[in-house]
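Student: Here it is, the structure, as structure tokens.
The values are calculated or read from the model by the stated rules, or taken from the named source; none is laboratory data. Remember, it's a predicted structure, so these values are computed and weren't measured experimentally. Positions of Cβ are backbone-derived with ideal geometry, glycine not excepted, and every protein chain shown enters the neighbour counts.
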Amino acid sequence: MDSHNPSPPHVPEVTMDVSSTSGATGNKFCRGSSCDFSDTSKDAKERSASIRKLLIAVILCVIFMAVEVVGGIKANSLAILTDAAHLLSDVAAFAISLFSLWAAGWEATPQQSYGFFRIEILGALLSIQLIWLLAGILVYEAISRLLTESGEVQGSLMFAVSAFGLFVNIIMAVLLGHDHGHGGHGHSHGHSHDHDHGNEEDDHSHHEDHEQGHVHRHGASVTITTHQHSHSSSGLHHDAEEPLLKHEGDCESSDHAGAKAVKKPRRNINVHSAYLHVIGDSIQSVGVMIGGGLIWYKPEWKIIDLICTLIFSVIVLFTTIKMVRNILEVLMESTPREIDATRLESGLRGMEGVVAVHELHVWAITVGKVLLACHVTIKQDADADQMLDMVIGYIKGEYNISHVTIQIERE
Amino acid sequence: MGDPKAWNPNYGVVGSADRRLAYSRQFSLSSAAAAASSPRPGLARSDSSISMPVPYSPFPLHAAAPANADFRFRWLATRPMRRLALLLALNAAYSAVELAVGLLTGRVGLVSDAFHLTFGCGLLSFSLFAMAASRTKPDSLYTYGYKRLEVLAAFTNALFLLFLSFSLAVEALHSFMQDESEHKHYLIVSAVTNLFVNLLGVWFFRSYARVNIVYRKAEDMNHHSICLHVLADSVRSAGLILASWLLSLGVENAEVLCLGIVSVAVFMLVLPLFKATGNILLQIAPGNVAPSAFIKCGRQITAYEDVSELSQGRFWELVPGHAVGCLSVQVKNGGDDQSVLKYVHGLYEDLGIQDLTIQTEGS
């Protein structure tokens, strides 16, 4: 089976050909390592960068926690020990994220034919549940502070401890959130290296880029690499010139589609959930600081502490809503937000030779990896292979879904 | 085909309520017609107490019209839903009363118990919501329908139970470090009431009161998780009562012991459910089909006349009992792809996998 079939100069064919050399056959025949459900080199790089970040955050957290535990035991203060326990929950959240990141790279097995990418989603769900649990625990603590008669609650200590907690959380938020510049560069450098090697793996990573074209940062790096592509001297160049425009065209369309996403480059979902955890903690620390300050200033106003905690807990819950919605949508196997299923279906139905489209399913394995399966009924006299290529080319070109399974039926 | 004396290979196995048969055979199309017309086997292969009681009538597919995708679901449509709603109402009422009393009398123990009950109520209401919403018809956003909600609800319940076990362990540690004078004896009233309400719940869902269950339908997982939830809660209340009693008898460290045992018990109870629901969410291959069956099918397909190669058979389960698959088949030059399609579909239907998309290429 030749993977570079000399195709007629029919524009969509050529696009498909170059944009995914092993992609065209890779889609028809996902063999082992060249399939995009395996761990591509770009995925692995992104994942190891995230793992490194999280490891640093965990180590920092453990150090701070040890400091707080020692301080709390020496000062014999329950408040400090409680805060140390909150830091422990941070460590737990990071540990969950680390495990999910590591596990998502496992090779697919016959029992888990799509690989283990879903573990990321479940890990993120677990993290979010932890955030909710912690918010509940904090509210409970505020209530118990209210109920225990005063004297035990020292406003000044509360203030100091939560200020320290806030400081720690801000450091970690900066550490975890500070990825846009580096990540972007990392990607484009990674790609130029990959391209110079020019072997099949890298065509896949290039191809990967196209799939995630709806995400903006990758769109940008693709244009860089296509320029590189034209400079280097690997063998695919005779057809590189024409489709270069098409590539830009593709990127343009995905640019437009993802226009809103320009401002927000995509983070790995596990790093994002760890980030949310840290942000939630800082918000809570601010709330506790305000409460502690108030109690310090006027110990009779204890009820304000409770109200403050409640308000800030609600704020924290709101920050998690968007991520929970994304997680639920993936777990429910729903059509990803960026793809309009009705438009896809009408587009397919409008194609030459297609009589009907049914059982169209589009779902995501994890945020960013989308699959499609549908049954297409074609006219009696149409050529099945050509129709298959047309349909697959349309879906890939318009919607950037690379893993497509189409059942062609005749009327 | 309708002859009741005809050989029915699925007699007493398919459709029997015996939950021990994990790899039960599914209907194949040819025998579906026969089985549908033949009477339900009076004496199923095993009529033991572990069969599901028939009154829990399964949903006939042509039942009451499924709700539309708006929020006016029919919340009290089936008997399990009504029972769950009753449980929820009882729990919510009790938790509200406990919270009020705790706040008024300043007893922190009551407040924390009320919080715990509220979390539990929240979860049970999510289960109820899942039961109500899962019958909604599929739409363009949720092309597979809403059945996954039941699995999600079961998973969330399992997570909560894991958290509960962990928090019980922490509580045991806590009471190990404190001395006994701090034991809150007033909590015993609350524990007794809780125990009764939860035992009522266990009775309602008694057919799911096992640790390892074979899941045949989506609602199996949800009901199982609800049962385990109320069971775990009742074990916890029983543990608290036992601890109080032992303490009053003067047994040292009774609380630590009881809480520790309860924590371990809850953990062991919930682990199989957690693994099973987690696997479905991770898109593992269908559990009711042996892996060797897939290999055998693969070999049969490759051996078929017009087929040159089979690649990438991927199967996963939407909910227990509804498997979905995607295959890619390379057809020989000049071969008839429609007959290949029919053949492959037929093979997998015998295994019980109806929802397949097969891409034939290269003729």
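Student: With the requirement that a residue be over 30 Å from A:V168 (Cβ atoms) and within 11 Å of chain B (Cβ to nearest Cβ), what does the stretch A:107-139 give you? Walk me through it before giving the result.
Tutor: Quick first cut of the stretch A:107-139, residues over 30 Å from A:V168 (Cβ atoms) only: A:107-118.
Hits for the stretch A:107-139 are A:A108, A:T109, A:P110, A:Q111, A:Q112, A:S113, A:Y114, A:G115, A:F116, A:F117, A:R118.
Student: Right, another one. Does any residue in the stretch A:305-334 that is within 21 Å of B:V151 (Cβ to Cβ) come within less than 9 Å, Cβ to Cβ, of a residue that is part of a helix (DSSP H, G or I) and aromatic (F, W, Y) six or more places away or on a different chain, and which pairs are these?
Tutor: A:L331/B:F155
Student: Just the residues that are over 18 Å from the mean Cα position of the chain (by Cα), buried (at least 18 other Cβ atoms within 10 Å of the Cβ) and more than 9 Å from chain A (Cβ to nearest Cβ), please, taken from the stretch B:94-120.
Tutor: The answer is B:Y94, B:S95, B:E98, B:L99, B:L110, B:D113, B:A114, B:H116, B:L117.
Student: Also: How many of the residues making up the stretch B:314-341 are over 17 Å from A:I408 (Cα atoms), small (G, A, S) and assigned to a strand (DSSP E or B)?
Tutor: Going residue by residue through the stretch B:314-341, those that are over 17 Å from A:I408 (Cα atoms) are B:314-324.
Still in the list and also small (G, A, S): B:321, B:323.
Narrowing the set further to residues that are assigned to a strand (DSSP E or B) leaves B:323.
Qualifying residue count, the stretch B:314-341: 1.
Student: Looking only at the stretch B:343-356, count every residue that is crowded, with 21+ Cβ neighbours inside 10 Å, within 11 Å of chain A (Cβ to nearest Cβ) and not in a helix (DSSP H, G or I) and tell me the total. Talk me through it step by step, then tell me what you get.
Tutor: Quick first cut of the stretch B:343-356, residues crowded, with 21+ Cβ neighbours inside 10 Å only: B:344, B:348, B:351, B:353, B:356.
Subset that is within 11 Å of chain A (Cβ to nearest Cβ): B:344, B:356.
Narrowing the set further to residues that are not in a helix (DSSP H, G or I) leaves B:356.
Number satisfying all stated conditions: 1.
Student: Among B:V307, B:V270, B:V289, B:V340, which is the only one that is modelled with pLDDT under 90, more than 10 Å from chain A (Cβ to nearest Cβ) and surrounded by 22 or more Cβ atoms within 10 Å (Cβ to Cβ)? Don't jump to the end; show me each part of the working.
Tutor: Working: B:V307 fails: surrounded by 22 or more Cβ atoms within 10 Å (Cβ to Cβ); B:V270 fails: modelled with pLDDT under 90; B:V289 fails: surrounded by 22 or more Cβ atoms within 10 Å (Cβ to Cβ).
None of the other options fit; the residue is B:V340.
Student: Would you be able to tell me the number of residues in the stretch B:133-149 that are away from chain A (no Cβ under 11 Å) and at pLDDT 90 or above?
Tutor: Start the filter on the stretch B:133-149 by keeping residues that are away from chain A (no Cβ under 11 Å), which leaves B:135-137.
Add one more test, that the residue is at pLDDT 90 or above, and what stays is none.
Residues that pass the stated criteria total 0.
Student: Return the residues of the stretch A:328-343 that are more than 7 Å from every other protein chain (Cβ to nearest Cβ) and in contact with a helix residue (DSSP H, G or I) (Cβ under 6 Å, 6 or more places away or on another chain); say none if nothing qualifies. Please lay out each step first, then the result.
Tutor: Step one: of the stretch A:328-343, the residues more than 7 Å from every other protein chain (Cβ to nearest Cβ) are A:328-330, A:336-340, A:343.
Residues satisfying the conditions are A:V330, A:E338, A:I339.
Student: Picking from A:V357, A:V404, which residue would you name as being in a strand (DSSP E or B), of a type outside the set (G, A, S) and more than 9 Å from chain B (Cβ to nearest Cβ)?
Tutor: Details: A:V404 fails: more than 9 Å from chain B (Cβ to nearest Cβ).
It is A:V357.
Student: Which pairs have Cβ atoms under 7 Å, sit 6 or more apart or on different chains, and link a residue in the stretch B:198-218 that is over 15 Å from B:D233 (Cβ atoms) to one that is part of a loop (DSSP other than H, G, I, E, B) and among the aromatic types (F, W, Y)?
Tutor: B:S207/B:Y56
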